[in-house]
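Single-structure report; data block below.
The values are calculated or read from the model by the stated rules, or taken from the named source; none is laboratory data. Keep in mind that what you see is a predicted model, and the values were worked out from it rather than measured. Ideal geometry is used to build each Cβ from the backbone, glycine not excepted, and the neighbour counts take in all protein chains shown. The accessibility values were calculated without ligands, DNA or RNA, using every heavy atom of the protein model including side chains. Shrake-Rupley method; radii C 1.70, N 1.55, O 1.52, S 1.80 Å.
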Amino acid sequence: MTNLSERILAFERKLQVHMHEVFCPTHLSIGQEHVAEEMAAEMIKEDWLFSTHRNHHHYLAKGGDEQKLWDEIMGLESGLNGGFAGSQGITDRSINFHASAIVGGLIGVAAGAAFSLRNSKSNAISISCIGDAASEQGVFWEVLNFAVLYNLPLCIIMENNGKSVDAHISERQVGEISPKVAAFGVKTFQSIGEAIRFTRDNRLPSFVEVKVKLKCAHLNMATMLDLCDQSEPTS
């Protein structure tokens, strides 16, 4: 485990201990630290990163301010967004980072950023982090088509934990996701590093699906401690 993974895990574990003080919906990323490691190894400061409701590990991987993130989750004025965004919707323009509580809500925005970078002299790319449930949104497939049509420097990283809350992917989808993506002409990869490097070097879209296992409750906050199972999922 690297220093980054240790930092992320320590941050999330600390949040678990202080969850009785958190009054915004909060999705921890315990078990997905390795994704942040791989991303951090390849990202540059100028890259644009668009995340999800489960975003703490992505933000820290981008070099975000840990204390400001903590303050934001705690609803303090000293937080990233003055305590108004909470855990799910953090934005840090100083490092080109944006997150959204809406499933698949920023895929289109990530494509727009990639479009603006298409003819840029910058080596920056647009990275969209999503979960498996985002592939059940129409905009996901529209963006694949648009990205191929216009040769966008867009890298889509899907963290597939096999669940949408408690609904297993086998109950929601037929077939694997990556082959469907490849059918659009998007280059698919087995590792995050390969995907990011391909997009940066070729200025073309890429997709990588990472199978992950979430080792904490799907969602939590102070008012849900008695409603959510606090034990680590067994399946």
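Output the number of residues of region 17-41 satisfying the condition of being in contact with a Ser or Thr (Cβ under 6 Å, 6 or more places away or on another chain) and assigned to a loop (DSSP other than H, G, I, E, B).
Qualifying residue count for the region: 1.
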(message) Where the second residue is part of a helix (DSSP H, G or I) and the first is open to solvent by 10 Å² or more (accessible area, probe 1.4 Å) and lies in region 14-27, which pairs have Cβ atoms under 6 Å and are six or more apart or on separate chains?
(response) HIS20/ALA222; PHE23/ALA222
(request) Please specify each residue of region 187-206 satisfying the condition of being open to solvent by less than 10 Å² (accessible area, probe 1.4 Å) and free of Cβ contacts under 8 Å to residues at least 60 places away in the same chain. (result) ALA195, SER206
(request) Starting from residues that are part of a helix (DSSP H, G or I) and touching a residue at least 24 places away in the same chain (Cβ under 8 Å), keep the ones in region 70-97 and report whichever is nearest to ALA111 (Cα to Cα). (result) ILE95
(request) Go through region 161-186 and count every residue that is open to solvent by 60 Å² or more (accessible area, probe 1.4 Å) and at pLDDT 65 or above. (result) 5
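Could you run through region 67-126 and say how many residues are at positive phi and open to solvent by less than 20 Å² (accessible area, probe 1.4 Å)?
Count: 2.
Looking at the structure I just gave you, is GLU46 assigned to a helix (DSSP H, G or I), under 30 Å from ARG200 (Cα atoms) and open to solvent by 60 Å² or more (accessible area, probe 1.4 Å)?
Against the criterion (assigned to a helix (DSSP H, G or I), under 30 Å from ARG200 (Cα atoms) and open to solvent by 60 Å² or more (accessible area, probe 1.4 Å)), GLU46 does not qualify.
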(request) Within region 54-62, identify whether any single residue is open to solvent by less than 20 Å² (accessible area, probe 1.4 Å), of a type in the set (D, E, K, R) and in a loop (DSSP other than H, G, I, E, B), and answer yes or no. (result) yes
(request) Report, by residue number, each residue of region 114-142 that is among the aromatic types (Phe, Trp, Tyr) and in contact with a Leu (Cβ under 7 Å, 6 or more places away or on another chain). (result) PHE115
(request) Would you confirm whether any residue within region 119-139 is part of a loop (DSSP other than H, G, I, E, B), in contact with a His (Cβ under 7 Å, 6 or more places away or on another chain) and of a type outside the set (A, V, I, L, M, F, W, C)? (result) no
